Amino acid sequence: MGDYPRVVLKPHEEGRLQKGHLWAFSNEVAQAPAGLEPGSLADLFPSSAGFLGRGFYHPHSLIAFRILSSEQENIDAAFFQKRLTEAMALRERLYPSATAYRWVFGESDRLPGLVVDRYGDYLAVQVLSAGMERFKDVLIQALNQAAHPRGIVWRSDAPVRLLEGLKEEPPSVILGEVPPRVQITLENGSFYVDLLGGQKTGFYFDQRDNRQALAALCSGRRVLDAFCYSGGFGIAAARAGARAVVFVDSSQPALELAEANAQLNDVADRCTFVQGDALQLLSHQNPGGPFDVIVVDPPAYARSKKHLPVALKAYEKLNALAIGALPKGGILAASSCSHFVDRDAFLETLRRAARKAKRSLRLLEMRGQAKDHPVLLAMPETEYLKFAILQVF
Ligand code: SAH
């Protein structure tokens with residue numbers, strides 16, 4: 001058991017961490033040895049007696065400490081292997097016999113700043129903390145041992161890396177080989193995933209369970225999948241018997257994937273693909289128009305707290321347009337993946353949107369991120385996705 005540098009909190013700053021939160025912020029730290037490199041391993045202590053955790057210290061990041069373990073255990077290859085195996089066991093329990101899922105969801109798997117998506121024999125890995133970056137080689141080896149992938153894509157193209165002093169770099173294949181499109185099969189469809197060129201880590205697993213829930217309401221209906229990306233919602237709806245599905249995205253490569261996915265699932269004859277601005281398309285619909293179900297799943301509008309007021313207005317406008325385009329009895333699936341918009345604020349924007357559209361909404365189901373993105377109860381930051389299924393009433 002090696003000696004780790006000691007980082008000590010200011011008096012009375014330990015409460016949140018004692019309750020299970022995994023971060024200490026820079027203004028809460030009283031002492032740390034000078035000259036520690038960003039992401040160095042260290043031990044965190046309260047000002048009084050006790051021990052809070054072992055983890056990564058960052059002298060220049062707002063998140064000064066990220067706890068990896070509440071024990072004083074060695075942080076080495078065996079440690080990462082253990083964590084990865086635990087994370088995989090949970091996914092295998094949640095989605096029996098699946099080989100595609102979010103394998104690691106950062107802090108919720110006590111692997112702060114690490115995201116891993118598994119696509120059968122291929123992995124996409126995203127590192128968002130300086131500490132994890134220092135373990136890059138160890139991680140690749142541990143992932144290799146745990147899953148024996150044919151290829152691993154390293155996705156260092158996330159802007160939040162800059163907050164940790166890490167570079168934003170183009171995605172690259174870091175182990176083995178990765179074909180341009182990998183095929184996965186989930187409960188609600190088969191999908192091609194572009195691990196290198198696709199958005200984020202290639203596929204939005206966080207909406208997996210929501211696609212199931214919505215698809216169950218789509219049989220015989222006409223569905224608009226606005227902000228469709230690779231078509232997750234629309235494909236699930238078509239497979240569940242939707243009469244017609246229109247897919248809209250501003251990105252041409254996204255639409256091409258969606259179209260290939262429609263063919264893969266044998267539903268292309270009921271699908272139409274439109275490249276363009278979803279808001280434009282929605283604003284040209286008449287109420288009682290061509291859709292019975294509308295999914296709106298825009299990118300995160302609030303990228304920071306200061307963008308919140310503008311973002312809330314944008315969600316309101318978008319959802320008002322969607323509500324206005326639906327007939328009475330129509331279904332709106334409204335989503336927000338902004339961390340900074342909490343459940344209550346999101347529901348309030350939907351209330352305002354309904355008022356703006358001069359309609360009334362009833363909430364059929366309030367959902368969140370899929371089970372392979374578990375929320376750490378002591379750490380609200382791990383919850384980000386809101387998904388409301390509503391009916392125009
Ligand atoms: N619903 C998707 C995920 C959507 S991600 C799924 O289930 O996989 C958000 C998508 O919105 C991205 O594909 C992005 O290209 C698209 N987008 C961003 N702005 C847009 C706009 N104004 N109109 C249409 N699509 C837009």
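We did not get these values from a lab; they are worked out from the coordinates using the rules stated. Since we're looking at a predicted model, the values are computed, not measured. Here Cβ is always computed from backbone atoms with ideal geometry, including for glycine, and neighbour counts include all displayed protein chains.
Miscellaneous remarks
- Long-range amide H partners of THR272 with built H, under 5 Å: VAL245, VAL246, PHE247
- Among LYS167, LYS328, LYS306: highest mean-square fluctuation, GNM of the chain, C-alpha pairs under 10 Å: LYS306
- When restricted to Cα atoms, the chain yields an Rg and a Dmax of 22.2, 68 Å, respectively.
- Build a GNM of the chain with springs between Cα atoms under 10 Å apart, and of LEU84, LEU264, LEU255 the one that fluctuates most is LEU264.
- Full-extension gain in nm, GLU187 to SER250, via 0.36 nm per residue minus C-alpha separation: 20.0 nm
- Under 17 Å from the Cα of LYS306 - aspartates and glutamates, other chains or at least 8 residues apart: ASP342, GLU381
- Phi-based couplings in Hz for segment 320-337 (Karplus 6.51, -1.76, 1.60; Gly and Pro marked x): 4, 5, 5, 4, x, 8, 9, x, 4, x, x, 10, 10, 10, 10, 10, 9, 10
- Sequentially through segment 157-167, phi angles give Karplus couplings (6.51, -1.76, 1.60; θ = phi - 60°) of 9, 8, x, 5, 4, 4, 5, 9, x, 9, 7 Hz, Gly and Pro residues having no value and appearing as x.
- Segment SER69-ALA268, extension gain: residue separation times 0.36 nm, minus the distance between their alpha carbons: 66.8 nm
- For segment 77-87, Karplus couplings with θ = phi - 60° (6.51, -1.76, 1.60), whole Hz, Gly/Pro x: 4, 5, 4, 5, 4, 4, 4, 5, 5, 4, 5
- Placed amide H near PHE45: partners under 5 Å, 5+ positions off or other chain: VAL7, VAL8, LEU9, LEU52
- Going from the residue with the fewest nearby Cβ atoms within 10 Å to the one with the most, VAL295, VAL375, VAL193, VAL173 rank VAL173, VAL375, VAL193, VAL295.
- Selected from ASN319, ASN210, ASN27 as most flexible by GNM, with the chain as the system and alpha-carbon contacts under 10 Å: ASN27
- This ranking places PHE65, PHE340 by how few other beta-carbon atoms lie within 10 Å of each, fewest first, which gives PHE340, PHE65.
- Charge dipole (the chain, unit charges on Cβ, about Cα centre) - positive-most of ALA300, PHE340, ILE389: ILE389
- Distances between placed amide hydrogens fall under 5 Å for TYR301 paired with CYS337, SER338, all partners being 5 or more residues away or on another chain.
- Given charges at Cβ of Lys, Arg, Asp, Glu: segment 6-69 dipole, positive-most of SER61, PRO33, ALA49: ALA49
- Dipole size of the chain about its Cα centre, with +1 on Lys/Arg Cβ and -1 on Asp/Glu Cβ: approximately 1520 debye, rounded to the nearest 20.
- Between GLN145 and ARG303, the modelled labels are 3.9 nm apart [label points 7 Å from Cα along Cα→Cβ].
- Sorting the segments 67-80, 237-250, 50-63 by their mean number of nearby beta carbons within 10 angstrom, highest to lowest, gives 237-250, 50-63, 67-80.
- Linear extension gain, LYS328 paired with GLU168, 0.36 nm per residue minus alpha-carbon span: 52.9 nm
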